Amino acid sequence: MSVSNPTRIRLTQLTECGGCAAKLGADLLAEALSGLGAVTGPTAPHTHSAHPGESLIAGLDPPDDAAVYRLSDDLAVIGTLDFFPPLVDDPTTYGEIAAANALSDVFAMGGRVLFALSIAAFPEDLPTDVLGAVFAGAAAKVREAGGTLAGGHTIRDAEPKYGLAVIGAAHPDRLLRKGDARPGDVLVLTKRLGTGLLVSGSRQGQTKPDDLAAAIDQMRTLNRIASEALVAHNVRAATDVTGFGLLGHGLEMARASGTRFVFEASSLPALDGALDLARAGVETSGAAHNRRFVAPSLIVADGIAPELVTLAHDPQTSGGLLAAVSPDRIEALEATLTTAEISSWRVGRVEASEAPSTALE
(Lines give C-alpha, C1' and ligand atoms only; values in the text may rest on other atoms or scores of the structure.)
Protein backbone atom coordinates (compact mmCIF):
# COMPACT_ATOMS: atom_id res chain seq x y z
CA MET A 1 0.00 0.00 0.00
CA SER A 2 1.46 3.37 -0.97
CA VAL A 3 0.26 6.60 0.53
CA SER A 4 1.63 9.95 -0.67
CA ASN A 5 0.99 13.45 0.63
CA PRO A 6 -1.52 12.57 3.37
CA THR A 7 -3.75 15.49 4.35
CA ARG A 8 -1.81 17.83 6.60
CA ILE A 9 -3.11 17.45 10.13
CA ARG A 10 -1.43 17.74 13.51
CA LEU A 11 -2.28 14.47 15.23
CA THR A 12 -0.80 15.56 18.55
CA GLN A 13 -3.36 18.36 18.79
CA LEU A 14 -6.04 15.69 19.11
CA THR A 15 -4.52 14.20 22.27
CA GLU A 16 -3.58 15.17 25.81
CA CYS A 17 -0.75 12.67 26.09
CA GLY A 18 0.94 10.42 23.55
CA GLY A 19 3.08 7.32 23.27
CA CYS A 20 3.90 5.11 26.23
CA ALA A 21 3.65 8.10 28.57
CA ALA A 22 -0.11 7.49 28.29
CA LYS A 23 0.17 4.12 30.02
CA LEU A 24 -1.70 3.53 33.26
CA GLY A 25 0.72 3.80 36.16
CA ALA A 26 2.47 0.56 37.14
CA ASP A 27 1.28 0.82 40.73
CA LEU A 28 -2.37 1.27 39.72
CA LEU A 29 -2.09 -1.51 37.14
CA ALA A 30 -0.60 -3.93 39.67
CA GLU A 31 -3.45 -3.23 42.09
CA ALA A 32 -6.09 -3.68 39.38
CA LEU A 33 -4.59 -7.00 38.26
CA SER A 34 -4.06 -8.35 41.76
CA GLY A 35 -5.46 -11.85 42.00
CA LEU A 36 -5.97 -12.19 38.25
CA GLY A 37 -2.92 -14.37 37.59
CA ALA A 38 -3.71 -16.65 34.67
CA VAL A 39 -4.42 -20.26 35.56
CA THR A 40 -2.44 -22.82 33.60
CA GLY A 41 -4.44 -25.13 31.37
CA PRO A 42 -3.89 -28.73 30.36
CA THR A 43 -0.56 -29.68 28.87
CA ALA A 44 -0.51 -29.13 25.12
CA PRO A 45 -0.48 -32.22 22.88
CA HIS A 46 2.85 -33.52 21.62
CA THR A 47 4.82 -32.25 24.62
CA HIS A 48 6.77 -34.14 27.23
CA SER A 49 6.92 -31.33 29.76
CA ALA A 50 8.52 -32.00 33.10
CA HIS A 51 5.80 -29.73 34.51
CA PRO A 52 2.40 -31.12 33.52
CA GLY A 53 -0.31 -28.49 33.26
CA GLU A 54 2.17 -25.72 32.46
CA SER A 55 1.42 -25.08 28.80
CA LEU A 56 0.97 -21.39 29.61
CA ILE A 57 4.57 -20.62 30.51
CA ALA A 58 4.30 -16.82 30.71
CA GLY A 59 1.29 -14.71 31.59
CA LEU A 60 0.17 -12.59 34.55
CA ASP A 61 1.59 -14.71 37.35
CA PRO A 62 4.30 -13.53 37.36
CA PRO A 63 3.79 -10.78 34.76
CA ASP A 64 6.10 -10.74 31.76
CA ASP A 65 6.39 -8.79 28.49
CA ALA A 66 4.05 -11.14 26.60
CA ALA A 67 2.00 -14.27 27.09
CA VAL A 68 3.69 -17.49 25.96
CA TYR A 69 1.94 -20.82 25.31
CA ARG A 70 3.89 -24.03 24.77
CA LEU A 71 2.62 -25.97 21.73
CA SER A 72 5.33 -28.62 21.71
CA ASP A 73 8.72 -29.32 23.23
CA ASP A 74 10.40 -27.05 20.70
CA LEU A 75 7.71 -24.50 19.84
CA ALA A 76 5.96 -21.83 21.88
CA VAL A 77 3.54 -19.16 20.64
CA ILE A 78 3.94 -15.57 21.91
CA GLY A 79 1.00 -13.17 22.10
CA THR A 80 1.02 -9.47 22.98
CA LEU A 81 -0.72 -6.17 22.21
CA ASP A 82 0.10 -2.51 22.61
CA PHE A 83 -1.44 0.76 21.44
CA PHE A 84 -1.33 4.46 22.32
CA PRO A 85 -2.33 7.99 21.17
CA PRO A 86 -0.10 9.86 18.68
CA LEU A 87 3.16 11.33 19.93
CA VAL A 88 4.15 12.78 16.52
CA ASP A 89 2.17 14.62 13.88
CA ASP A 90 3.21 12.69 10.77
CA PRO A 91 0.77 9.75 10.35
CA THR A 92 3.24 7.40 8.65
CA THR A 93 5.78 7.96 11.41
CA TYR A 94 3.07 7.43 14.03
CA GLY A 95 2.23 4.07 12.47
CA GLU A 96 5.90 3.09 12.39
CA ILE A 97 6.53 3.99 16.03
CA ALA A 98 3.34 2.35 17.30
CA ALA A 99 4.18 -0.82 15.39
CA ALA A 100 7.82 -0.90 16.51
CA ASN A 101 6.70 -0.48 20.10
CA ALA A 102 4.14 -3.30 19.91
CA LEU A 103 6.52 -5.65 18.08
CA SER A 104 9.14 -5.05 20.77
CA ASP A 105 7.37 -7.27 23.30
CA VAL A 106 7.93 -10.31 21.09
CA PHE A 107 11.61 -9.41 20.76
CA ALA A 108 11.81 -8.79 24.52
CA MET A 109 10.76 -12.44 24.97
CA GLY A 110 13.39 -13.67 22.50
CA GLY A 111 10.86 -14.51 19.79
CA ARG A 112 10.35 -13.95 16.09
CA VAL A 113 7.31 -12.18 14.65
CA LEU A 114 4.75 -14.18 12.67
CA PHE A 115 1.89 -11.74 12.05
CA ALA A 116 0.09 -8.78 13.56
CA LEU A 117 -3.42 -7.30 13.69
CA SER A 118 -4.20 -3.57 13.88
CA ILE A 119 -5.98 -2.08 16.89
CA ALA A 120 -7.28 1.32 15.79
CA ALA A 121 -9.54 4.06 17.14
CA PHE A 122 -9.92 7.23 15.05
CA PRO A 123 -12.25 10.21 14.78
CA GLU A 124 -14.84 9.56 12.09
CA ASP A 125 -13.94 12.79 10.30
CA LEU A 126 -10.22 12.04 10.13
CA PRO A 127 -9.20 12.09 6.42
CA THR A 128 -8.90 8.62 4.93
CA ASP A 129 -5.45 9.32 3.54
CA VAL A 130 -4.25 9.96 7.10
CA LEU A 131 -5.64 6.59 8.16
CA GLY A 132 -4.00 4.96 5.17
CA ALA A 133 -0.66 6.51 6.05
CA VAL A 134 -0.82 5.19 9.63
CA PHE A 135 -1.63 1.69 8.38
CA ALA A 136 1.10 1.85 5.73
CA GLY A 137 3.72 2.88 8.26
CA ALA A 138 2.74 0.03 10.57
CA ALA A 139 2.65 -2.53 7.75
CA ALA A 140 6.16 -1.56 6.67
CA LYS A 141 7.49 -2.13 10.20
CA VAL A 142 5.77 -5.50 10.52
CA ARG A 143 7.37 -6.58 7.23
CA GLU A 144 10.75 -5.35 8.48
CA ALA A 145 10.19 -7.48 11.59
CA GLY A 146 9.69 -10.54 9.40
CA GLY A 147 5.91 -10.75 9.69
CA THR A 148 2.69 -9.72 7.97
CA LEU A 149 0.00 -7.23 8.94
CA ALA A 150 -2.96 -9.57 8.49
CA GLY A 151 -6.02 -7.52 9.50
CA GLY A 152 -7.41 -5.82 12.56
CA HIS A 153 -10.31 -3.85 14.02
CA THR A 154 -11.17 -0.13 13.97
CA ILE A 155 -13.68 1.87 16.04
CA ARG A 156 -14.72 5.52 16.26
CA ASP A 157 -13.05 7.61 18.97
CA ALA A 158 -12.52 11.34 19.37
CA GLU A 159 -8.89 10.72 20.40
CA PRO A 160 -6.82 8.70 17.91
CA LYS A 161 -5.19 5.51 19.16
CA TYR A 162 -3.27 2.89 17.22
CA GLY A 163 -1.27 -0.24 17.89
CA LEU A 164 -0.96 -3.93 17.18
CA ALA A 165 -1.78 -7.34 18.54
CA VAL A 166 1.28 -9.40 17.65
CA ILE A 167 1.75 -13.15 17.41
CA GLY A 168 5.26 -14.58 17.50
CA ALA A 169 7.09 -17.83 18.13
CA ALA A 170 10.13 -19.04 20.04
CA HIS A 171 11.77 -22.16 21.42
CA PRO A 172 10.41 -22.68 24.96
CA ASP A 173 13.91 -23.17 26.35
CA ARG A 174 15.37 -20.03 24.77
CA LEU A 175 12.95 -17.40 26.00
CA LEU A 176 14.09 -14.11 27.49
CA ARG A 177 12.35 -13.67 30.84
CA LYS A 178 12.14 -10.90 33.42
CA GLY A 179 12.82 -13.32 36.26
CA ASP A 180 16.09 -14.94 35.14
CA ALA A 181 18.57 -12.26 36.30
CA ARG A 182 21.30 -13.57 38.61
CA PRO A 183 23.63 -11.83 41.09
CA GLY A 184 26.82 -10.83 39.31
CA ASP A 185 25.11 -10.20 35.97
CA VAL A 186 25.95 -7.04 34.06
CA LEU A 187 23.02 -4.80 33.06
CA VAL A 188 23.10 -3.83 29.38
CA LEU A 189 20.84 -1.32 27.60
CA THR A 190 20.46 -1.12 23.81
CA LYS A 191 18.86 2.32 23.25
CA ARG A 192 19.38 5.77 24.69
CA LEU A 193 16.93 7.23 27.22
CA GLY A 194 14.90 10.43 27.04
CA THR A 195 12.13 9.96 24.47
CA GLY A 196 9.45 11.06 26.94
CA LEU A 197 11.34 14.24 27.79
CA LEU A 198 11.92 15.12 24.13
CA VAL A 199 8.33 14.48 23.05
CA SER A 200 6.94 16.39 26.04
CA GLY A 201 9.40 19.20 25.41
CA SER A 202 8.30 19.34 21.79
CA ARG A 203 4.69 19.89 22.87
CA GLN A 204 5.94 22.85 24.91
CA GLY A 205 8.08 24.22 22.09
CA GLN A 206 11.35 23.54 23.94
CA THR A 207 12.84 20.60 22.01
CA LYS A 208 15.27 21.32 19.21
CA PRO A 209 14.05 19.90 15.86
CA ASP A 210 17.24 17.88 15.32
CA ASP A 211 16.98 16.35 18.81
CA LEU A 212 13.36 15.35 18.20
CA ALA A 213 14.28 13.87 14.81
CA ALA A 214 16.96 11.70 16.44
CA ALA A 215 14.47 10.49 19.06
CA ILE A 216 11.94 9.64 16.34
CA ASP A 217 14.55 7.64 14.41
CA GLN A 218 15.33 5.66 17.55
CA MET A 219 11.66 5.03 18.36
CA ARG A 220 10.97 3.50 14.96
CA THR A 221 14.07 1.29 15.14
CA LEU A 222 13.21 -2.35 15.83
CA ASN A 223 14.74 -4.38 18.67
CA ARG A 224 14.92 -7.43 16.39
CA ILE A 225 18.70 -7.59 15.90
CA ALA A 226 19.45 -6.91 19.56
CA SER A 227 17.04 -9.66 20.58
CA GLU A 228 18.57 -12.15 18.17
CA ALA A 229 22.02 -11.36 19.58
CA LEU A 230 20.86 -11.95 23.15
CA VAL A 231 19.34 -15.31 22.26
CA ALA A 232 22.42 -16.35 20.26
CA HIS A 233 24.64 -15.67 23.29
CA ASN A 234 22.38 -17.64 25.64
CA VAL A 235 21.21 -14.62 27.60
CA ARG A 236 18.05 -15.50 29.49
CA ALA A 237 16.99 -12.31 31.33
CA ALA A 238 15.65 -9.25 29.52
CA THR A 239 12.77 -6.83 29.13
CA ASP A 240 12.09 -3.79 26.95
CA VAL A 241 12.17 -0.34 28.52
CA THR A 242 8.93 1.47 27.74
CA GLY A 243 6.32 3.39 29.72
CA PHE A 244 7.49 2.51 33.24
CA GLY A 245 10.97 3.94 32.57
CA LEU A 246 14.35 2.35 33.22
CA LEU A 247 13.81 2.19 36.99
CA GLY A 248 10.27 0.85 36.71
CA HIS A 249 11.14 -1.95 34.31
CA GLY A 250 14.32 -2.64 36.23
CA LEU A 251 12.27 -3.03 39.41
CA GLU A 252 9.97 -5.48 37.64
CA MET A 253 12.99 -7.61 36.71
CA ALA A 254 14.46 -7.34 40.22
CA ARG A 255 11.20 -8.47 41.79
CA ALA A 256 10.73 -11.33 39.33
CA SER A 257 14.27 -12.60 39.92
CA GLY A 258 14.49 -11.85 43.66
CA THR A 259 17.50 -9.55 43.23
CA ARG A 260 18.65 -5.93 43.51
CA PHE A 261 19.30 -3.89 40.36
CA VAL A 262 21.96 -1.21 40.77
CA PHE A 263 22.10 1.39 37.99
CA GLU A 264 25.14 3.63 37.53
CA ALA A 265 23.77 7.12 36.92
CA SER A 266 26.90 8.33 35.11
CA SER A 267 26.62 5.43 32.64
CA LEU A 268 23.02 6.08 31.55
CA PRO A 269 22.96 6.99 27.84
CA ALA A 270 20.79 10.01 27.04
CA LEU A 271 19.45 11.24 23.74
CA ASP A 272 20.75 14.67 22.76
CA GLY A 273 18.78 17.40 24.47
CA ALA A 274 17.06 15.16 27.02
CA LEU A 275 19.14 16.20 30.01
CA ASP A 276 18.84 19.88 29.10
CA LEU A 277 15.07 19.52 29.11
CA ALA A 278 15.18 17.72 32.45
CA ARG A 279 17.26 20.57 33.90
CA ALA A 280 14.66 23.02 32.58
CA GLY A 281 11.94 21.21 34.53
CA VAL A 282 10.29 19.28 31.68
CA GLU A 283 8.73 16.00 32.80
CA THR A 284 5.86 13.87 31.54
CA SER A 285 2.77 12.96 33.51
CA GLY A 286 3.81 9.32 33.16
CA ALA A 287 7.05 10.03 35.03
CA ALA A 288 5.04 10.96 38.14
CA HIS A 289 3.41 7.52 38.06
CA ASN A 290 6.84 5.92 37.67
CA ARG A 291 8.27 7.83 40.62
CA ARG A 292 5.38 6.69 42.81
CA PHE A 293 5.78 3.07 41.66
CA VAL A 294 9.50 2.72 42.38
CA ALA A 295 9.79 5.02 45.41
CA PRO A 296 9.24 2.33 48.12
CA SER A 297 11.99 0.16 46.60
CA LEU A 298 14.46 2.77 45.32
CA ILE A 299 17.62 4.11 46.92
CA VAL A 300 19.27 7.12 45.25
CA ALA A 301 22.84 7.79 46.34
CA ASP A 302 23.82 11.23 47.55
CA GLY A 303 25.11 13.59 44.90
CA ILE A 304 23.25 12.17 41.91
CA ALA A 305 22.29 15.03 39.61
CA PRO A 306 18.49 15.59 39.58
CA GLU A 307 18.37 15.47 35.77
CA LEU A 308 19.81 11.92 35.82
CA VAL A 309 17.13 10.87 38.33
CA THR A 310 14.52 12.35 35.98
CA LEU A 311 16.06 10.49 33.03
CA ALA A 312 15.93 7.18 34.90
CA HIS A 313 12.19 7.69 35.60
CA ASP A 314 11.35 8.97 32.11
CA PRO A 315 8.73 6.86 30.28
CA GLN A 316 10.14 5.55 27.03
CA THR A 317 8.28 4.80 23.81
CA SER A 318 9.73 1.92 21.78
CA GLY A 319 12.76 1.88 24.07
CA GLY A 320 15.66 -0.53 24.04
CA LEU A 321 16.18 -3.92 25.62
CA LEU A 322 17.48 -4.13 29.17
CA ALA A 323 19.34 -7.41 29.65
CA ALA A 324 21.09 -9.05 32.58
CA VAL A 325 24.16 -10.70 31.09
CA SER A 326 26.60 -13.13 32.69
CA PRO A 327 30.11 -11.60 32.91
CA ASP A 328 31.58 -14.46 30.88
CA ARG A 329 29.28 -13.60 27.94
CA ILE A 330 29.29 -9.82 27.97
CA GLU A 331 32.29 -9.16 25.73
CA ALA A 332 31.19 -11.63 23.04
CA LEU A 333 27.68 -10.15 23.10
CA GLU A 334 29.01 -6.61 22.77
CA ALA A 335 31.20 -7.68 19.84
CA THR A 336 28.18 -9.15 18.06
CA LEU A 337 26.11 -6.02 18.67
CA THR A 338 28.92 -3.79 17.45
CA THR A 339 29.31 -5.83 14.26
CA ALA A 340 25.56 -5.48 13.69
CA GLU A 341 25.84 -1.70 14.30
CA ILE A 342 23.65 -1.90 17.40
CA SER A 343 24.69 0.42 20.22
CA SER A 344 24.80 -0.87 23.78
CA TRP A 345 25.82 0.44 27.17
CA ARG A 346 26.72 -1.23 30.45
CA VAL A 347 24.42 0.59 32.88
CA GLY A 348 24.70 -1.37 36.10
CA ARG A 349 24.82 -4.71 37.84
CA VAL A 350 22.66 -7.31 39.60
CA GLU A 351 23.21 -8.00 43.29
CA ALA A 352 21.84 -10.53 45.74
CA SER A 353 19.09 -9.15 47.96
CA GLU A 354 16.51 -10.46 50.42
CA ALA A 355 14.24 -7.57 49.46
CA PRO A 356 14.04 -7.00 45.66
CA SER A 357 14.83 -3.37 44.91
CA THR A 358 16.57 -0.88 42.64
CA ALA A 359 19.31 1.63 43.30
CA LEU A 360 20.76 4.60 41.42
CA GLU A 361 24.33 5.39 42.34
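Mind listing whichever residues of the stretch 253-309 are within 25 Å of LEU176 (Cα to Cα) and in contact with a His (Cβ under 7 Å, 6 or more places away or on another chain)? Once the filter is applied, which keeps residues that are within 25 Å of LEU176 (Cα to Cα) and in contact with a His (Cβ under 7 Å, 6 or more places away or on another chain), the stretch 253-309 yields only ASN290.
For the stretch 71-87, the set of residues classified as more than 18 Å from the chain's Cα centre (by Cα) and either assigned to a strand (DSSP E or B) or within 13 Å of THR317 (Cβ to Cβ) (or both) consists of LEU71, SER72, LEU75, ALA76, VAL77, listed by residue number. The residues in the stretch 53-70 that are under 22 Å from GLY250 (Cα atoms), outside any strand (DSSP E or B) and either of a type outside the set (D, E, K, R) or touching a residue at least 40 places away in the same chain (Cβ under 8 Å) (or both) can be counted, and the count is 1. Any residue at all in the stretch 203-225 that is more than 16 Å from the chain's Cα centre (by Cα), assigned to a loop (DSSP other than H, G, I, E, B) and within 19 Å of ALA323 (Cβ to Cβ)? No, the stretch 203-225 contains no residue that is more than 16 Å from the chain's Cα centre (by Cα), assigned to a loop (DSSP other than H, G, I, E, B) and within 19 Å of ALA323 (Cβ to Cβ). Taking the condition of being closer than 14 Å to GLN204 by Cβ and touching a residue at least 60 places away in the same chain (Cβ under 8 Å), how many residues in the stretch 275-290 meet it? Looking only at that region, the number is 7.
Listed here are the strands (runs of 3 or more DSSP E) enclosed by the stretch 88-190 that have at least 2 residues being under 26 Å from LEU75 (Cα atoms): 112-122, 148-156, 161-170. Identification of strands (runs of 3 or more DSSP E) wholly contained in the stretch 255-361 with 2 or more residues that are buried (at least 23 other Cβ atoms within 10 Å of the Cβ) and touching a Ser or Thr at 6+ places or on another chain (Cβ under 9 Å) yields 259-263, 321-325, 345-352. Would you point out the residue of the stretch 74-87, among those that are of a type in the set (Val, Ile, Thr) and open to solvent by 10 Å² or more (accessible area, probe 1.4 Å), that is nearest to ASP173 (Cα to Cα)? This residue is VAL77.
The values are calculated or read from the model by the stated rules, or taken from the named source; none is laboratory data. Here the structure is a predicted model, which means the values were calculated and not measured. Heads up, the Cβs are rebuilt from the backbone with ideal geometry, glycines too, and the neighbour counts pull from every protein chain shown. Remember, those area values only see protein heavy atoms, side chains included, never the ligands or the DNA or RNA. Shrake-Rupley method; radii C 1.70, N 1.55, O 1.52, S 1.80 Å.
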